[in-house]
1. Let me have the relative contact order for the range 10-283, percent, based on Cα pairs under 8 Å that are six or more residues apart.
2. Leaving out ligands, DNA and RNA, and with a 1.4 Å probe, what % of the accessible surface on the range 10-283 is carbon or sulfur?
3. Can you work out the FRET efficiency for the pair Leu254 and Phe93, with r the C-beta to C-beta distance and R0 = 25 Å, to the nearest 0.05?
4. Using 7 Å Cα-to-Cβ label points, what is the Trp62/Leu50 separation (nm, one decimal)?
5. Can you tell me the length gained on complete extension of the stretch Ile243 to Ala19, counting 0.36 nm per residue apart and subtracting the Cα distance?
6. Between Asp17, Asp32, Asp252, where does the largest GNM mean-square fluctuation fall for the chain, given springs only between Cα atoms within less than 10 Å?
7. Per residue, how many Å² of accessible area does the chain show with a 1.4 Å probe?
8. For the chain, modelled as a GNM with alpha-carbon contacts under 10 angstrom, which of Val126, Val41, Val83 fluctuates the most?
Amino acid sequence: MNKPEYIKTQIFLDSGDPAETKILFEKLGFLDGQTTNPSLVAKNPEIQKLKNDGVLTNESIWVEYNKVANDIKNIIPSGSISVEVYSDDATSFETMCEQGRILSKWFSGIYVKLPITHTGISVAKVLVSEGINVNMTLCFSQDQAAAVHSATKGAKKGQVYVSPFVGRLDDIGIYGLDLIGNILKMYKEWGSHVSVLGASIRSIDHVNYCLKNEAEIITAPLALWIKWEEEGRLLKLPSDLIISVTDKKQIDYLELEQKNWEEYNIKHDLTDKGLEKFATDWKSLFSK
Ligand code: G3P
């Protein structure tokens, strides 16, 4: 079927496997885009096979990632596709900038994922000024989202995404959906150019919340989208969706001022941990 007009949120698949893109595209009849990250690409069955054969190197893995991105692009040619830079504590501004430029040339319209760290935001500022699309990932606080807005001012609407990670806040007993709600509210008040992309989405409640509150984008794994479709939720008006009451700790909305991005507190433990995990999964591919 065509995407129902009442669903304003763009529906993305969160996966590093083009075989899953094909399955979901055929199941839904539409797919607005796909997000990948180092951990998801590391799980791709063909890349796993190359890893087990011991043939991957720090260079060849990028050739494989490029193939994965292009295979996804062939299935959803007009879809928005995000690919992520490699980043760890030692990655310099210059290296990340150069890598972002290389990824941006894989095909037109691609989004370069950068972490919300001091280096990542500094790079985003430059890449956005060069007309490159960016997806600022591992967002765990309203301050981080404010910094993304402030650093990328002047970007075109749709050129910058911010990806709040809902499930990983839930994991530590915090109601992650509040982060999405708070960022949407702040961006609305500020008339922001940044699009909110709900990420680390793990449950139907997470999906319902993003649809009901009209987050611009939501990305979720294949199994969750299949469950969602098979339960007939595609046919429900977002305004009729019900979200379960939570017993998790809620996040207060902050009345933040608009200021220079470097004045926000962008440090977050979960961003650091997330980066470490991405780097470990990536390096495991060619460490044999
Ligand atoms: O969209 C980000 C996602 O890939 C992370 O999800 O479940 O590992 O927290 P998760």
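1. Value for the range 10-283: 21 percent.
2. Percent of accessible area from carbon and sulfur atoms in the range 10-283: 51.
3. Here the calculated transfer efficiency is 0.30.
4. Reported label-point gap for Trp62 and Leu50 is 1.3 nm.
5. Extending this stretch completely gives an extra 77.5 nm.
6. In this elastic network of the chain, the residue with the biggest mean-square fluctuation among Asp17, Asp32, Asp252 is Asp252.
7. 45
8. Maximum among the listed residues: Val126.
The values are calculated or read from the model by the stated rules, or taken from the named source; none is laboratory data. Because the structure is predicted, anything quoted here is derived from the model rather than measured. Note that we place each Cβ from the backbone using ideal geometry, even for glycine, and neighbour counts take in every protein chain shown. Ligands, DNA and RNA are stripped out before the accessible areas are found, and what is left, the full protein with its side chains, is counted by its heavy atoms. Shrake-Rupley method; radii C 1.70, N 1.55, O 1.52, S 1.80 Å.
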